[in-house]
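Below: the structure, in structure tokens.
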Amino acid sequence: MTQVLRSPSEFQAWRRKQSGTVGFVPTMGALHTGHEELIKQARKNNDLVVLSIFVNPTQFNDPKDLEKYPQTWDQDLAMAERNNVDAIFFPRYPDMYPDNYRYKVSENEYSNLLDGAHRPGHFDGVLSVVMKLFNVVRPTKAYFGEKDFQQLTLIQGMVESFFMDLEIVPVPTVREEDGLAKSSRNLRLTPEERKKAPAIFKAITKSKSAEEAAASLSAQGFIVDYVTDVGNRRFVAAKLGEVRLIDNVQI
Ligand code: PAF
């Protein structure tokens with residue numbers, strides 16, 4: 001049975017009684033098969049699996065986006081139980097931020113590009129909460145999807161910079177049959193928008209340049225934040241109606 005532990009102190013009391021390796025999957029809930037893949041990998045390679053569900057307010061620069069973030073607790077718990085997750089850490093804001101966010105973790109180069117340029121403070125919020133989660137959960141390995149490639153890179157950098165004793169395991173993006181990257185935000189698309197959304201993956205894989213991909217998406221009615229090539233990857237963020245979607249591929 002999956003244990004549900006709500007406060008850091010409750011979780012830490014449970015954690016002290018465990019032995020063996022701990023695979024950790026941090027999430028904001030609204031779990032989909034992309035998360036399930038992270039959980040399966042954690043299950044295969046560790047003695048214990050811990051999942052966290054916390055919709056972290058400090059990483060939302062847009063309060064409307066936070067308000068509308070999907071919450072599907074019953075289905076999330078069912079998925080955790082189906083996959084033999086040992087414990088879910090499910091904290092509340094005051095427990096995670098006893099300092100009310102006076103202290104934070106910042107990176108000040110790469111976090112200003114791509115999504116960071118369009119979502120001020122977003123990566124400070126992500127790095128700060130991930131540091132807190134790692135300190136509470138004390139995982140052996142933590143699993144992150146490559147869909148959020150900039151997030152993954154920044155977390156790897158934080159772990160190296162602060163000599164944190166765990167391994168970050170990147171997991172390839174899981175896609176729908178039509179190419180759309182799995183994301184909790186897909187739940188907010190209208191049926192019409194859902195039909196249109198795979199154009200994002202098509203544009204970044206089929207276009208000869210980032211500019212061509214951006215023009216193609218704009219012509220189809222997307223509001224494009226960016227399509228940019230960095231190193232050997234092409235990154236995109238574009239809005240469809242109210243929903244902002246991101247993706248990236250190796251080029
Ligand atoms: O990728 C996410 O779901 C979140 O950014 C994370 C890593 C759980 C931090 O809140």
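The values are calculated or read from the model by the stated rules, or taken from the named source; none is laboratory data. Here the structure is a predicted model, which means the values were calculated and not measured. Methodologically, a virtual Cβ is constructed for each residue, glycine included, from the backbone with ideal geometry; neighbour enumeration extends over all protein chains shown. Heavy atoms of the whole protein, side chains included, go into the accessibility calculation; ligands, DNA and RNA do not. Shrake-Rupley method; radii C 1.70, N 1.55, O 1.52, S 1.80 Å.
Any idea how many residues of the range 15-41 are of a type in the set (Gly, Ala, Ser), away from the ligand (no atom under 14 Å from the Cβ) and touching a residue at least 60 places away in the same chain (Cβ under 8 Å)?
Start the filter on the range 15-41 by keeping residues that are of a type in the set (Gly, Ala, Ser), which leaves 19-20, 23, 29-30, 34.
Then keep just the ones that are away from the ligand (no atom under 14 Å from the Cβ); that gives 19-20, 23.
If we keep only those that are touching a residue at least 60 places away in the same chain (Cβ under 8 Å) as well, we get 23.
Qualifying residue count, the range 15-41: 1.
Listed residues ASN61, ASN56; which is touching a helix residue (DSSP H, G or I) at 6+ places or on another chain (Cβ under 6 Å) and open to solvent by 40 Å² or more (accessible area, probe 1.4 Å)? Outline the logic, then answer.
Details: ASN56 fails: open to solvent by 40 Å² or more (accessible area, probe 1.4 Å).
The conditions single out ASN61.
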Problem - Search result, residues across the range 22-53 that are in contact with a strand residue (DSSP E or B) (Cβ under 7 Å, 6 or more places away or on another chain), open to solvent by 10 Å² or more (accessible area, probe 1.4 Å) and more than 29 Å from GLU67 (Cβ to Cβ) - result: GLN41, ARG43, ASN45, ASN46, LEU48
Practice task
Could you check, for the range 96-113, whether at least one of its residues is open to solvent by 10 Å² or more (accessible area, probe 1.4 Å), under 27 Å from GLU36 (Cα atoms) and not aliphatic (A, V, I, L, M)?
Solution key: no
Fill in the blank from the handout: Result of the Cβ filter at 7 Å on the range 148-169, keeping first residues that are more than 15 Å from PHE24 (Cβ to Cβ) and partners that are aromatic (Phe, Trp, Tyr) and exposed (fewer than 15 other Cβ atoms within 10 Å of the Cβ), at least 6 apart or interchain, is THR153/TYR110; LEU154/TYR110
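Taking the range 64-93, which residues are open to solvent by 90 Å² or more (accessible area, probe 1.4 Å) and either assigned to a helix (DSSP H, G or I) or within 26 Å of ILE246 (Cα to Cα) (or both)?
Just the residues of the range 64-93 that are open to solvent by 90 Å² or more (accessible area, probe 1.4 Å), to begin with: 64, 67, 71, 74-75, 82, 84, 92.
Of everything in the range 64-93, those that are open to solvent by 90 Å² or more (accessible area, probe 1.4 Å) and either assigned to a helix (DSSP H, G or I) or within 26 Å of ILE246 (Cα to Cα) (or both) turn out to be LYS64, GLU67, GLN71, ASP74, GLN75, ARG82.
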Handout entry: Matching entry among GLY231, GLY179, GLY221 (being at positive phi and either within 17 Å of the chain's Cα centre (by Cα) or surrounded by 14 or more Cβ atoms within 10 Å (Cβ to Cβ) (or both))
Key = GLY179
Practice task
Among what's in the range 42-62 and is part of a helix (DSSP H, G or I) and within 16 Å of the chain's Cα centre (by Cα), pick the residue that is nearest to GLU176 (Cα to Cα).
Solution key: ALA42
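How many residues are of a type in the set (Asp, Glu) and surrounded by 18 or more Cβ atoms within 10 Å (Cβ to Cβ) when one looks only at the range 137-162?
Here is the first cut: in the range 137-162, the ones of a type in the set (Asp, Glu) are 146, 148, 160.
Next, from what is left, pick out any that are surrounded by 18 or more Cβ atoms within 10 Å (Cβ to Cβ): 146, 148.
So the answer is 2.
State whether the residues of the range 46-60 include one that is within 13 Å of the ligand (Cβ to nearest atom), under 20 Å from TYR97 (Cα atoms) and in contact with a His (Cβ under 7 Å, 6 or more places away or on another chain). Reasoning before the result, please.
Going residue by residue through the range 46-60, those that are within 13 Å of the ligand (Cβ to nearest atom) are 50-60.
Going one step further and asking which of them are under 20 Å from TYR97 (Cα atoms), we end up with 51-60.
Remaining after also requiring in contact with a His (Cβ under 7 Å, 6 or more places away or on another chain): 59.
Yes, the range 46-60 contains a residue that is within 13 Å of the ligand (Cβ to nearest atom), under 20 Å from TYR97 (Cα atoms) and in contact with a His (Cβ under 7 Å, 6 or more places away or on another chain).
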Exercise for the section: Quickly run through the range 121-152 and pick out the residues that are touching a strand residue (DSSP E or B) at 6+ places or on another chain (Cβ under 9 Å) and within 24 Å of VAL236 (Cβ to Cβ). Expected result: VAL130, TYR143, PHE144, GLY145, GLU146, LYS147, ASP148, PHE149, GLN150, GLN151, LEU152
Problem - Boolean, GLN59 is at pLDDT 95 or above and more than 24 Å from ASP247 (Cβ to Cβ) - result: no
